[in-house]
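Presented below is the structure to which this report refers.
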Amino acid sequence: MSYVELEAEAALAPLTVSPRARRRRLVARRFLRRPLAVGGLVVASVFVLVAILAPWVAPYHYATTDFNAVLEHSSASHLLGTDELGRDVLSRIIWGARASIQAGVLATALAMAIAVPIGLVAGYYRGWIDPVISRVTDVLLAFPFLILAVGLAAILGPSLLNATLALGIAAAPQILRVTRGETLALREEDYVRAAIANGASDAVILGRHIIPNMLNTLLVLATVTIPQAIIGEATLSFLGLGVQPPTPSWGVMLSDAQSYLTQAPRLAVYPGLAIFLCSLSFNLLGDGLRDALDPKTQR
Amino acid sequence: MGSFLLRRAGAALIVIWLASVVVFAGMRALPGDPALALGGESRDPALLAEIRHKYGLDQPLPVQYAKWTWLALHGDLGVDSRDLPVAHTIVTRLPITLELAFLAVLFGATLGIVAGVIAAWRRGKASDYAATTVALVGLSVPHFWFGLLLIILFAVKLHWLPASGYVSFGQDPVENLRHLLLPAVVLGTGLAAIVMRQMRSAMLDSLTADYVRTARAKGVPEWRVVGVHAFRNSLITVTTIIGVQLGILISGAVITEQIFGIAGFGRLTIDAVNQRDYALIQGVVLVTAAGYVVVNLCVDFAYSLLNPRIRISGAPR
């Protein structure tokens with residue numbers, strides 16, 4: 001469907017609805033037309049719900065050991081079998097969702113909280129502050145995301161909280177760069193110039209004109225940063241720099257499973273499948289949101 | 001073009017210098033006294049003072065930094081906790097990772113470019129959907145899980161390939177490739193997925209461009225239109241993407257080497273971090289950052305060679 005058709009469709013909506021609500025409804029309709037995006041939303045929501053409700057939905061506690069049922073295949077009592085200590089794999093995956101979702105969401109929120117204000121300042125005020133901030137960003141971007149996170153986690157010491165902090169800080173430079181670029185571009189828009197000519201204060205211009213016009217970009221950026229942080233948490237935990245045993249994390253489970261690849265390869269399959277599905281669902285959600293929010297995309 | 005490249009090289013040098021400051025400051029921010037770590041179990045003040053003196057830890061920070069940079073510029077990165085020269089350790093480990101990275105790029109770029117061209121050429125057909133879906137899956141698969149799955153299938157179940165270890169190329173070229181095949185596939189998969197997506201969209205753009213329509217109107221055979229006219233111009237975008245992805249390859253190498261038990265540069269990084277070996281961490285991180293910046297600079301060079309518009313106007317972007 002072309003942009004013109006969409007505009008026509010939007011115009012047909014009842015006139016009593018405000019333009020903003022009409023636009024929101026249009027975006028929702030465009031989003032719902034994409035099966036992959038809807039699937040991503042559903043699966044991602046399931047992971048978030050499971051993480052929140054872990055104590056109620058997990059059949060066992062994550063640390064309950066049963067030495068009479070070690071490395072068991074799946075059965076009615078243990079749907080995904082048990083690990084080397086006789087712990088229920090399904091329960092550990094469900095509890096492990098907590099670490100992943102917590103790290104994914106909090107690290108992204110932290111990265112946004114650091115990067116967006118700094119990016120706004122650099123892009124809006126420019127002057128001497130912009131080159132300073134941009135050079136520092138360049139330096140931080142000179143370290144690959146994961147290397148930066150590994151280094152920060154090493155400085156902070158291994159724990160879930162520190163891994164989350166490290167991932168959040170490591171993800172900030174990319175978001176900062178995008179925010180700055182968007183601000184620079186939006187600052188040149190006619191309506192911003194008009195606001196300046198009208199004598200609007202910086203706070204009003206940023207709060208009413210620049211930030212609202214950037215929200216779509218930031219929303220999409222957040223949905224693609226979350227899976228990055230989820231994989232990052234799993235990687236740090238896999239390397240021993242994140243969640244510490246006995247607390248379950250998908251990365252720790254995979255790291256433990258390495259010793260049992262010959263006896264029980266399934267131990268390495270299920271946690272990885274969880275990481276994969278979780279990050280895939282957020283990626284699909286992000287792709288779908290981007291397409292639905294961007295009036296230029298076809299279909 | 002000359003001034004553009006000079007400016008780029010100058011900016012790269014500044015970034016490397018600032019990165020060295022960040023690395024140095026970061027190491028000093030680590031909790032704990034490095035002398036205590038180096039002294040092992042000993043708490044003898046005389047010994048600790050001697051260690052501080054030996055590693056220059058008793059001098060002011062700017063002096064320590066100046067000394068460290070001066071020596072680093074001469075290829076001396078100090079000695080690690082086992083008294084081995086850091087630069088030598090890095091030089092022995094780096095070729096292993098470079099070979100792995102080379103094979104991964106070869107695999108990823110070839111697969112990505114071929115799949116991207118086919119997907120764009122057969123747009124909307126089954127092969128397009130298949131390639132696009134596989135690429136999406138490849139993007140979301142975490143390295144370490146994919147690696148474990150390949151080990152389970154090809155090493156544990158089928159016994160076709162070794163699960164871990166490394167044999168140098170000089171020692172036995174066949175064994176060398178057998179050991180590096182799975183790691184290279186693991187490391188190259190993400191790259192293949194990204195290259196495929198970029199190649200597909202670049203080809204789609206090219207195939208609707210005026211010069212392609214002109215070529216078709218002139219009666220140029222279809223394979224030439226797709227394979228030469230559209231393909232050449234799409235390669236420009238993809239070259240940049242591959243360059244940008246090389247940095248991600250460095251992180252990937254850390255994980256891949258950990259899973260496949262390859263004693264390369266990535267494994268060295270993790271070992272240094274786990275052993276809190278400060279001199280080693282400093283050296284490894286500095287080399288990583290410098291390598292990353294130099295690679296990006298090379299991409300700029302390659303890009304300006306491939307794209308005449310930049311060469312003539314001298315204006316980036």
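Figures for the structure shown
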{"read-out": "Test for A:GLN244: is it over 28 Å from B:SER251 (Cα atoms), outside any helix (DSSP H, G or I) and open to solvent by 10 Å² or more (accessible area, probe 1.4 Å)", "value": "no"}
{"read-out": "Filter result for A:GLY240 (within 19 Å of the chain's Cα centre (by Cα) and either of a type in the set (A, V, I, L, M) or under 18 Å from A:VAL150 (Cα atoms) (or both))", "value": "no"}
{"read-out": "Count - residues of the stretch A:31-65 that are over 19 Å from A:GLY96 (Cα atoms) and not aliphatic (A, V, I, L, M)", "value": "6"}
{"read-out": "Unique match (being closer than 21 Å to A:GLY251 by Cβ and open to solvent by 70 Å² or more (accessible area, probe 1.4 Å)) among A:ILE52, A:ILE94", "value": "A:ILE52"}
{"read-out": "Answer from A:ALA113, A:ALA107 - the residue that is in a helix (DSSP H, G or I), open to solvent by 20 Å² or more (accessible area, probe 1.4 Å) and either more than 14 Å from every other protein chain (Cβ to nearest Cβ) or not basic (Lys, Arg) (or both)", "value": "A:ALA113"}
{"read-out": "Qualifying residues in the stretch B:98-127 (those that are within 14 Å of chain A (Cβ to nearest Cβ) and touching a helix residue (DSSP H, G or I) at 6+ places or on another chain (Cβ under 7 Å)) - the one nearest to B:MET196 (Cα to Cα)", "value": "B:ARG123"}
{"read-out": "A:SER281 vs. criteria modelled with pLDDT of 90 or more, facing another protein chain (nearest Cβ under 10 Å), surrounded by 20 or more Cβ atoms within 10 Å (Cβ to Cβ) and under 21 Å from A:ILE94 (Cβ atoms)", "value": "yes"}
{"read-out": "Hits in the stretch B:2-42 - residues which are farther than 22 Å from A:PHE143 by Cα, open to solvent by 70 Å² or more (accessible area, probe 1.4 Å) and at pLDDT below 70", "value": "B:GLU41"}
{"read-out": "Scope the stretch A:185-204; condition free of Cβ contacts under 8 Å to residues at least 24 places away in the same chain and assigned to a helix (DSSP H, G or I); matching residues", "value": "A:ALA185, A:ASP190, A:TYR191, A:VAL192, A:ARG193, A:ALA194, A:ALA195, A:ILE196, A:ALA197, A:ALA203, A:VAL204"}
{"read-out": "Matching entry among B:ILE270, B:ILE281, B:ILE248, B:ILE242 (being modelled with pLDDT under 85, part of a helix (DSSP H, G or I) and away from chain A (no Cβ under 11 Å))", "value": "B:ILE242"}
{"read-out": "Residue within the stretch B:151-172 that is surrounded by 19 or more Cβ atoms within 10 Å (Cβ to Cβ), more than 30 Å from A:LEU267 (Cα to Cα) and either of a type in the set (Phe, Trp, Tyr) or within 24 Å of the chain's Cα centre (by Cα) (or both) present", "value": "no"}
{"read-out": "Contacts under 8 angstrom Cβ, first residue in the stretch A:216-233 being away from chain B (no Cβ under 11 Å), partner among the basic types (Lys, Arg) and part of a helix (DSSP H, G or I), 6 or more apart", "value": "A:VAL220/A:ARG290"}
{"read-out": "Unmet criterion (only one of (1) open to solvent by less than 60 Å² (accessible area, probe 1.4 Å); (2) at pLDDT 90 or above) for B:LEU111", "value": "(1)"}
{"read-out": "Tally of residues being within 22 Å of the chain's Cα centre (by Cα) and open to solvent by 30 Å² or more (accessible area, probe 1.4 Å) across the stretch A:128-147", "value": "3"}
{"read-out": "Selected residue [modelled with pLDDT under 85 and touching a Gly at 6+ places or on another chain (Cβ under 7 Å)] from A:LEU71, A:LEU146, A:LEU176", "value": "A:LEU146"}
{"read-out": "Test: residue in the stretch A:129-143 that is at pLDDT 90 or above, of a type in the set (A, V, I, L, M), in a helix (DSSP H, G or I) and farther than 22 Å from B:ALA253 by Cα", "value": "no"}
{"read-out": "Scope the stretch B:284-304; condition of a type in the set (A, V, I, L, M, F, W, C) and at the interface with chain A (Cβ under 10 Å from one of its Cβ atoms); matching residues", "value": "B:VAL284, B:VAL285, B:ALA289, B:ALA290, B:VAL293"}
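The values are calculated or read from the model by the stated rules, or taken from the named source; none is laboratory data. Predicted model only: the values in this text are computed from it and were never measured. As a convention, Cβ positions derive from the backbone with ideal geometry for all residues, glycine included, and neighbour counts pool all protein chains shown. When the accessible area is computed, the model is the full protein with side chains, heavy atoms only, and any ligands, DNA or RNA have been set aside. Shrake-Rupley method; radii C 1.70, N 1.55, O 1.52, S 1.80 Å.
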